[in-house]
Amino acid sequence: MTKEMWINLPVKDPVKSRKFYEALGCEVNDQRSNDQMTAVIVGDQRIAVMLFRDDVFNRFINDSTPQQGTEVIFSFSSESPEAVREITERARKAGATIFAEPQDVQGWMYTGGFADLDGHKWNALYMDMSKMPQ
């Protein structure tokens, strides 16, 4: 089937978005970054997140309608509850809006959620599978 996956997101300012994702610890692919887009790499699986300036993104989808609302939440695993708290705090300091403070959920998950500079929602999640209900 597929070998790689890219997530394409519209952003107002690729340069500011680059700085935001760098503050979270993401790697930037300079070969694929310019004033119209920034390419960041997320996680050990090296998922490419392509941050396209709004007008460029809208040309790709043949739509000039402004994007509205939350269509998806991107969730990523964390190594521990401490790691969830750390990434949430890094996001806060980089300018994110925290929509879910780090917290226990259902006794086996620990999660924290933030929206990036353009409102895209991200969820850091630690799961203790030994405590997961059967």
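The values are calculated or read from the model by the stated rules, or taken from the named source; none is laboratory data. Everything numeric in this text was worked out from a predicted model, so none of it was measured. Glycine gets a Cβ as well: all are built from the backbone with ideal geometry, and neighbour counts include every protein chain shown. All accessible areas refer to the heavy atoms of the entire protein, side chains included, with ligands and DNA or RNA removed. Shrake-Rupley method; radii C 1.70, N 1.55, O 1.52, S 1.80 Å.
This table checks each residue for (1) in contact (Cβ under 8 Å) with a residue 12 or more places away in the chain; (2) under 24 Å from Asp35 (Cα atoms); (3) not small (Gly, Ala, Ser).
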| residue | (1), (2), (3) |
| --- | --- |
| Asn58 | yes, yes, yes |
| Ile61 | no, yes, yes |
| Ser75 | yes, no, no |
| Ala96 | yes, yes, no |
| Ala100 | yes, no, no |
| Val105 | no, no, yes |
| Tyr110 | yes, no, yes |
- Query: Are any of the residues in region 42-65 surrounded by 14 or more Cβ atoms within 10 Å (Cβ to Cβ) and assigned to a loop (DSSP other than H, G, I, E, B)?
  - Reply: no
- Which ones in region 1-36 are in a strand (DSSP E or B) and out of contact with any Leu (no Cβ under 6 Å at 6 or more places or on another chain)? Trp6, Ile7, Asn8, Pro10, Glu27, Val28
- One residue from Ala91, Ala96, Ala83, Ala124 being modelled with pLDDT of 90 or more, open to solvent by less than 50 Å² (accessible area, probe 1.4 Å) and more than 11 Å from the chain's Cα centre (by Cα): Ala83
- Query: When region 99-121 is examined, which residues are found to be in a strand (DSSP E or B) and either among the β-branched types (Val, Ile, Thr) or open to solvent by 40 Å² or more (accessible area, probe 1.4 Å) (or both)?
  - Reply: Phe99, Glu101, Gln103, Asp104, Val105, Thr111, Lys121
